[in-house]
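Here's the structure, in structure tokens; my notes come after.
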Amino acid sequence: RQDSAHAAPDYLDLQRSTRTLDVLAGYREDALTIAPEGSEPVRVSGALVTADYFDVFRAQAARGRTFTRAADAGSAQPLVVLNHDLWRDALASDPTAVGRLLRVNGVAHSVVGVMPRGFRLFPDPPAAFWIPLVVTPDAERFQRLDVIARLVDGASLDEAASEVQALFRALRGHE
């Protein structure tokens, strides 16, 4: 795994064009306030992530689910996945937490999943929660995303790095 920051439209080009990367996801770290209904807000580290983020790690939620494009595309309610510690601390390990509302920066988000204890891969410091991030073709070039990926079986990191560099050279030639 290798991560780096890219402009949001480049992420989409990379996602469409690569042969050596099996699953590609973008994320952006942010410190936001969270509060269960009826509680005072606290500031915690979180991440905005594309739908494939958890798939890069082959990670499953311990409770509920993670994000999916199909299930979340038409959701009118903002969604959130919690890490185990936030579920324990903010929701008292409530076994019925999935479906409850948690305010993130004052906006009610529906809890769709809780990750297993110890899920702490990216970003660093570990995120206490994840919110879906939708990247569209008309995204601004200044919008930056860190990108992570899982290699296709049989592909090497060197092959993927060469392919990505060639794709970016080709993209820059068309701007």
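Under a 1.4 angstrom probe, counting protein chains only, how are LEU157, LEU167 ranked by accessible area, largest first? Don't skip to the end; give the middle numbers.
Details: LEU157 85, LEU167 40 Å².
Reading off the accessible areas and sorting them downward yields LEU157, LEU167.
Using a probe of 1.4 angstrom, how much of the accessible area of the chain is carbon and sulfur, in percent? Working shown, then result.
Values: 4660 of 9180 Å².
Ligands and nucleic acids excluded, carbon and sulfur reach 51 percent.
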#### Entry: Residue-normalised accessible area of the chain, expressed per residue, 1.4 Å probe, Å²
52
#### Entry: Cubic angstrom per residue, convex hull over Cα atoms of region 6-57
99
### Message
In the chain, if the dipole is taken from +1 on Lys/Arg beta carbons and -1 on Asp/Glu beta carbons about the Cα centre, which of LEU24, ALA166, PHE129 is farthest to the positive end?
### Response
PHE129
#### Entry: Kyte-Doolittle at least 1.6, axis length at least 20 Å by Cα - qualifying DSSP helices, the chain
none
### Message
Taking the Cα centre as origin and putting +1 on Lys and Arg beta-carbons and -1 on Asp and Glu beta-carbons, what dipole magnitude results for the chain, to the nearest 20 debye?
### Response
300
#### Entry: Positive dipole terminus of the chain, leading residue within SER45, ALA76, GLY154 (C-beta point charges)
ALA76
### Query
What does the accessible area of ARG144 come to, in Å² to the nearest 10, when a probe of 1.4 Å is used?
120
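Largest first, what is the accessible-area ranking of GLU37, GLU163 with a 1.4 Å probe?
On the way: GLU37 90, GLU163 20 Å².
Largest to smallest exposure gives the sequence GLU37, GLU163.
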### Task
Give me the percent of Cα-Cα pairs in the chain that sit more than 23 Å apart, rounded to a whole number.
42
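If contacts are Cα pairs under 8 angstrom and at least 6 residues apart, what is the relative contact order of the chain in percent? Each step should come with its number before you reach the end.
On the way: 333 pairs, mean separation 68.1, N = 175.
Averaging sequence separation for qualifying contacts and normalising by length gives 39 percent for the chain.
The values are calculated or read from the model by the stated rules, or taken from the named source; none is laboratory data. Treat the numbers as computed from the prediction; the structure is a model and nothing was measured. So basically every Cβ, Gly included, is an ideal-geometry build from the backbone, and we count neighbours across all protein chains shown. We work out accessible area using only protein heavy atoms, side chains counted, and drop any ligands, DNA or RNA first. Shrake-Rupley method; radii C 1.70, N 1.55, O 1.52, S 1.80 Å.
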